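The next block holds one structure in the form of structure tokens; read it before the comments.
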Amino acid sequence: MIAFNPVMANGKFLEANKNEMRFLFEVTGGDGVIELSKGIVMENEEVLIIEGPLRQLKGRILFIDKRKNKAKVRIKFMNRLLDVSLGLEILSRPLPKVQ
């Protein structure tokens, strides 16, 4: 018996090819949950994930909750722009510009 869980984003089902499905299974493990990632915030309000299952992912920050280590980030994934909520620990931010 084969079981599968549909992939959803922004309330809609997504189509995924074999490589995209392989990636999804790798980052979510067996339970479908993506572990906490660690990232660096860059000057243009983008975040670069440097540690965790989403490492090398880059996206525009929409919202950060530092207390809960959560962020909403707009990423390009599966040839679409998606708003993704993820567990994120910010390791560094750029220093404010002094004038």
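The values are calculated or read from the model by the stated rules, or taken from the named source; none is laboratory data. Just so it is clear, the structure is predicted and the values come from calculations on it, not from any experiment. Accessible surface areas use protein heavy atoms only, side chains included; no ligands, DNA or RNA. Shrake-Rupley method; radii C 1.70, N 1.55, O 1.52, S 1.80 Å.
Values as computed for the structure displayed
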item	result
E26 - accessible surface, heavy atoms, 1.4 Å probe, Å² rounded to 10	130 Å²
nm² value of the averaged projected area, convex hull over the Cα atoms of the range 23-67	3.7 nm²
Sequence of F23, F13, F77 when ordered by accessible area, the most exposed leading, probe 1.4 angstrom	F13, F23, F77
Candidate aspartates and glutamates for bridging to K76, where Cα separation is under 13 Å - those fewer than 8 sequence places away on the same chain excluded	E20, E46
Karplus-derived HN-Hα couplings along the range 39-49 (A = 6.51, B = -1.76, C = 1.60, θ = phi - 60°), whole Hz, x at Gly and Pro	x, 10, 8, 9, 4, 8, 6, 9, 10, 10, 7
Full-extension gain in nm, S85 to K12, via 0.36 nm per residue minus C-alpha separation	24.7 nm
